[in-house]
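*Asks:* Below you'll find the structure I mean.
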Amino acid sequence: MEVEDDSRAPPSAPGSTPMPFPLPPPHAAVLRARQSSVARPDSDSDREGSAPLPPSSSEYEVSEESLIARERQEKAVQELLMKRRAYAMAVPTNDSAVRARLRRLGEPVTLFGEREMERRDRLRSIMVRLEAEGQLDRLLRAHDDEQAAAAAAASVEDEDGAPQEYPFYTEGSKELLEARVSIAKYSIARAAARLDRARRRRDDPDEDVCAEIEYVLKQAKEFVLECSEIGDDRPLSGCSFSQDRSLLATSAWSGVAKIWSMPHVSKVATLKGHTERATDVVFSPVENCLATASADRTAKLWNADGSLLTSFNGHLDRLARVAFHPSGKYLGTASFDKTWRLWDINTGSELLLQEGHSRSVYGITFHPDGSLAASCGLDALARVWDLRTGRSILAFEGHVKPVLSVSFSPDGYHLATGSEDNTCRIWNLRKRKCEFVIPAHSHLISQVKYEPQEGYFLATASFDTKAMIWSSRDVKPIKTLAGHEAKVTGLDISPDGQQIVTVAHDRTIKLWSSKTNDKEKAMDID
């Protein structure tokens with residue numbers, strides 16, 4: 001008795017043609033073939049009754065798009081492997097060594113417009129390519145040549161007794177050498193006189209330094225507004241007393257500097273010559289002349305009667321501050337071209353172009369002895385330079401924003417800096433560190449200045465419309481000079497320390513004097 005197979009398809013209706021099963025698409029067939037190849041039947045009856053396997057995947061034609069995608073993937077994998085091999089390969093970091101290896105490999109030493117890092121990357125790619133092409137002998141030969149050259153150079157150094165030194169500086173002119181010698185002689189005499197005076201005051205029993213400090217600070221507490229005058233049609237940017245305190249100079253955004261007679265602040269002369277706004281003005285410490293700085297990238301030397309003496313050209317960007325050397329022979333200028341320069345005022349020639357700041361240089365000043373110069377800039381650094389050797393001997397870091405002003409103390413070993421971070425810092429040159437941080441104002445500090453005789457007090461000007469006086473001994477606030485209606489841009493202290501002048505964006509000049517000094521004058525007259 002035969003048993004009918006239930007898995008057969010049902011018979012078709014009478015009178016109708018049998019319908020075949022629909023053929024699956026190719027991808028479905030491939031899928032079934034893979035499934036059938038994976039799922040092997042266990043019984044012999046299943047092997048005998050199974051349908052024949054469909055053709056293998058190798059018999060199917062691969063489309064052109066699939067070939068392109070496969071090639072792209074293989075190329076990306078090869079590039080990734082090449083990059084990994086390149087980063088793992090040792091490549092010289094010195095540019096001269098990179099050039100030497102390129103020359104030994106027979107490649108161009110440099111390409112047009114190629115920089116050091118680009119040249120090093122090109123060498124790396126060449127070495128990876130040679131390794132991939134199996135040309136390791138060229139790489140090994142180049143490496144052996146480099147080692148032989150290094151050994152030869154070492155033997156030459158041993159024969160000479162000292163390694164070969166290469167200059168890391170720019171050779172200066174003969175005029176600069178003469179200026180350095182002159183500055184050294186001047187500063188040695190000044191430093192010796194300052195130290196002798198300090199020793200006498202220390203050893204003299206009649207000298208009471210504490211009482212003298214208290215007296216000076218008492219005078220500073222009694223500073224009052226004595227005079228206010230409109231200085232220009234545009235905001236004022238700087239001011240300076242003459243050495244005998246008989247004249248006052250101011251600079252303004254109009255490009256005009258003016259000279260005023262003291263103490264009544266009446267105009268004496270107008271200095272016209274700059275084509276852009278004037279940024280600073282300063283009187284010479286020994287002669288009756290003054291210098292101005294401007295945004296037209298020039299500094300000019302004037303006579304007290306208003307006649308132009310010399311123009312200093314050379315900066316590549318606008319000037320900020322300007323300062324005279326204590327000897328009166330040299331002029332320092334700070335510029336936004338990231339340099340400060342030293343000029344000979346007699347010949348008008350540029351003696352020194354000093355780099356060192358990573359951003360614009362804003363302020364410059366000279367040590368009372370004349371041996372050092374200090375510069376500050378928008379890189380939040382204050383640098384101290386030795387004018388006798390040209391070296392940067394100190395770099396003071398601490399401000400978190402641009403430093404806009406710098407001033408040496410008459411004691412010779414303190415330096416004050418004012419910054420956009422609203423603080424004034426006092427640095428000790430001997431200890432090479434910051435001694436005091438003064439949260440002086442609620443806005444940026446535009447200028448700081450020590451009292452020029454003994455440095456017993458310090459004055460700061462700020463964009464918060466105020467100027468303040470601080471004790472140098474314990475940095476306590478002594479007096480607030482409030483009277484301006486806009487940003488205070490500059491100040492100066494008279495050589496005898498009895499007067500302070502401030503200028504601001506409100507276009508006014510304000511003169512502050514001590515009441516104690518006025519009382520003493522009245523007593524002397526009586």
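*Asks:* Quick check on ASP496: is it in a loop (DSSP other than H, G, I, E, B), closer than 27 Å to PRO235 by Cβ, open to solvent by 10 Å² or more (accessible area, probe 1.4 Å) and in contact (Cβ under 8 Å) with a residue 24 or more places away in the chain? Can you show your working first?
*Replies:* Numbers: in a loop (DSSP other than H, G, I, E, B): yes; closer than 27 Å to PRO235 by Cβ: no; open to solvent by 10 Å² or more (accessible area, probe 1.4 Å): yes; in contact (Cβ under 8 Å) with a residue 24 or more places away in the chain: yes.
Considered against the rule, which asks whether it is in a loop (DSSP other than H, G, I, E, B), closer than 27 Å to PRO235 by Cβ, open to solvent by 10 Å² or more (accessible area, probe 1.4 Å) and in contact (Cβ under 8 Å) with a residue 24 or more places away in the chain, ASP496 comes out as no.
*Asks:* Could you list, in sequence order, the residues of region 221-251 that are over 26 Å from THR279 (Cα atoms), open to solvent by 80 Å² or more (accessible area, probe 1.4 Å) and β-branched (Val, Ile, Thr)?
*Replies:* Once the filter is applied, which keeps residues that are over 26 Å from THR279 (Cα atoms), open to solvent by 80 Å² or more (accessible area, probe 1.4 Å) and β-branched (Val, Ile, Thr), region 221-251 yields nothing.
*Asks:* Among the residues of region 447-456, is there at least one that is buried (at least 17 other Cβ atoms within 10 Å of the Cβ), among the polar types (S, T, N, Q) and within 26 Å of the chain's Cα centre (by Cα)?
*Replies:* Within region 447-456, one or more residues are buried (at least 17 other Cβ atoms within 10 Å of the Cβ), among the polar types (S, T, N, Q) and within 26 Å of the chain's Cα centre (by Cα).
*Asks:* Looking at the structure I just gave you, is VAL488 open to solvent by 20 Å² or more (accessible area, probe 1.4 Å) and aliphatic (A, V, I, L, M)?
*Replies:* Here the answer is no, as VAL488 does not meet what is asked.
*Asks:* Working only within region 97-120, note down all residues that are part of a helix (DSSP H, G or I), open to solvent by 50 Å² or more (accessible area, probe 1.4 Å) and at pLDDT 85 or above.
*Replies:* If the condition is that a residue be part of a helix (DSSP H, G or I), open to solvent by 50 Å² or more (accessible area, probe 1.4 Å) and at pLDDT 85 or above, then ARG99, GLU118 are the ones that fit.
Yes/no per residue for (1) at pLDDT below 95; (2) over 33 Å from the mean Cα position of the chain (by Cα):
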residue	(1), (2)
ARG432	yes, no
PHE436	yes, no
SER442	yes, no
ALA461	no, no
SER472	yes, no
ILE478	yes, yes
HIS484	yes, no
THR502	no, no
ASP526	yes, yes
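*Asks:* Mind checking which pairs have a first residue in region 201-220 that is open to solvent by less than 60 Å² (accessible area, probe 1.4 Å) and a second that is of a type in the set (Val, Ile, Thr) and modelled with pLDDT under 90, Cβ under 7 Å, 6 or more apart or different chains?
*Replies:* Every condition considered, the pairs that remain are ARG201/VAL209; GLN219/THR516.
*Asks:* Where in region 345-422 are there strands (runs of 3 or more DSSP E), lying fully within it, with 1 or more residues that are in contact with a helix residue (DSSP H, G or I) (Cβ under 9 Å, 6 or more places away or on another chain) and buried (at least 21 other Cβ atoms within 10 Å of the Cβ)?
*Replies:* Values: elements: 350-354, 361-366, 372-377, 381-386, 391-397, 403-408, 414-419.
By residue number, 350-354, 372-377.
Residue by residue, here is whether (1) in contact with an Asp or Glu (Cβ under 7 Å, 6 or more places away or on another chain); (2) hydroxyl-bearing (Ser, Thr, Tyr) holds:
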| site | (1), (2) |
| --- | --- |
| LEU353 | no, no |
| SER360 | no, yes |
| GLY363 | no, no |
| HIS367 | no, no |
| LEU372 | yes, no |
| ASP386 | no, no |
| ALA395 | no, no |
| SER405 | no, yes |
| PRO410 | yes, no |
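*Asks:* Being hydrophobic (A, V, I, L, M, F, W, C) and in contact with a helix residue (DSSP H, G or I) (Cβ under 9 Å, 6 or more places away or on another chain) is true for just one of PHE223, PHE241. Which residue is that?
*Replies:* PHE223
*Asks:* Would it be correct to say that VAL256 is under 25 Å from LEU404 (Cβ atoms), touching a residue at least 40 places away in the same chain (Cβ under 8 Å), open to solvent by 10 Å² or more (accessible area, probe 1.4 Å) and out of contact with any Gly (no Cβ under 7 Å at 6 or more places or on another chain)?
*Replies:* No; evaluated as a whole, the condition is false for this residue.
*Asks:* On to the next question. Just to be sure I understand, how many residues within region 127-143 are modelled with pLDDT under 70 and not hydrophobic (A, V, I, L, M, F, W, C)?
*Replies:* Total satisfying the criteria: 3.
The values are calculated or read from the model by the stated rules, or taken from the named source; none is laboratory data. Fair warning: this is a prediction, and the values are worked out from it, not measured in the lab. Every residue, glycine as well, gets a Cβ built from its backbone with ideal geometry; the counts of neighbours run over all protein chains shown. Ligands, DNA and RNA are stripped out before the accessible areas are found, and what is left, the full protein with its side chains, is counted by its heavy atoms. Shrake-Rupley method; radii C 1.70, N 1.55, O 1.52, S 1.80 Å.
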